[in-house]
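Novice: Here you go, one structure.
The values are calculated or read from the model by the stated rules, or taken from the named source; none is laboratory data. Keep in mind that what you see is a predicted model, and the values were worked out from it rather than measured. Using ideal geometry, Cβ is built from the backbone for each residue, glycine included, and neighbour counts are taken over all protein chains shown.
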Amino acid sequence: MKYLKHKQTGLGMMEVLAVLVLISGGLITAAFAYVKNMQNINQSKNLTIASNYVSEMAEMIRGNRPGGESNAYASSGMSGSPPDCSSACNASDLAKYQVLTWLDETPKGLVNATAEITALDSNDTLTIRVRWDNDNSGSTGTNCPPQNANDLDCYQMPISF
């Protein structure tokens, strides 16, 4: 009896299936890496926006040291229209003008952004702080730095006198 030897040409179903599984796994991994990278880029962009916004106010406070030392930059309870500083302003009026204008220009690129300037503490330090909902999850917590997933992302800068 003669057995016919048949030489296989091409790939079998198992080889094709194995290659498809490997390629699919690689594509899924690449997709997850892409999504995570985009989240990190967004977080970095938001942190840069917040940092620039806070630095802008820090420079205003440093430029009006008498207003900072007299606690005129504390934003708590500050409301109304900015004073007219077109001709002349004292240090307190200039501080109020700068704070109200700054608060009105809360960064547009940050979701649900809020800003505040704390009153001078016992160490003669005030803190400029910006909070925002980085992942648009509806977070409302105010711990800075964030303590849990419910806290808003934040950036703060202390200024000492």
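Novice: Tell me whether region 56-70 contains one or more residues that are closer than 15 Å to Cys154 by Cβ and in a helix (DSSP H, G or I).
Specialist: The answer is yes, given that some residue of region 56-70 is closer than 15 Å to Cys154 by Cβ and in a helix (DSSP H, G or I).
Novice: Filter region 115-143 for residues that are modelled with pLDDT under 90 and under 12 Å from the mean Cα position of the chain (by Cα) and give the result.
Specialist: Within region 115-143, Asn134, Asp135, Asn136 meet the criteria.
Novice: Right, another one. Since Thr106 meets every condition but one in (1) in a loop (DSSP other than H, G, I, E, B); (2) within 18 Å of Ser70 (Cα to Cα); (3) in contact with a Phe, Trp or Tyr (Cβ under 9 Å, 6 or more places away or on another chain), which condition does it not meet?
Specialist: (2)
Novice: Still on this model: Asn148 fails exactly one of the following numbered conditions: (1) of a type outside the set (A, V, I, L, M); (2) free of Cβ contacts under 8 Å to residues at least 12 places away in the same chain; (3) out of contact with any strand residue (DSSP E or B) (no Cβ under 6 Å at 6 or more places or on another chain); (4) under 17 Å from Ala50 (Cα atoms). What is the number of that condition?
Specialist: For Asn148, the exception is condition (4).
Novice: Evaluate region 61-74: report whether one residue or more is closer than 30 Å to Asp124 by Cα, hydroxyl-bearing (Ser, Thr, Tyr) and under 21 Å from the mean Cα position of the chain (by Cα).
Specialist: No, region 61-74 has no match at all.
Novice: Still on this model: Filter region 108-137 for residues that are surrounded by fewer than 16 Cβ atoms within 10 Å (Cβ to Cβ) and under 27 Å from Phe161 (Cα atoms) and give the result.
Specialist: Thr114, Ala119, Asp121, Ser122, Asn123, Asp124, Thr125
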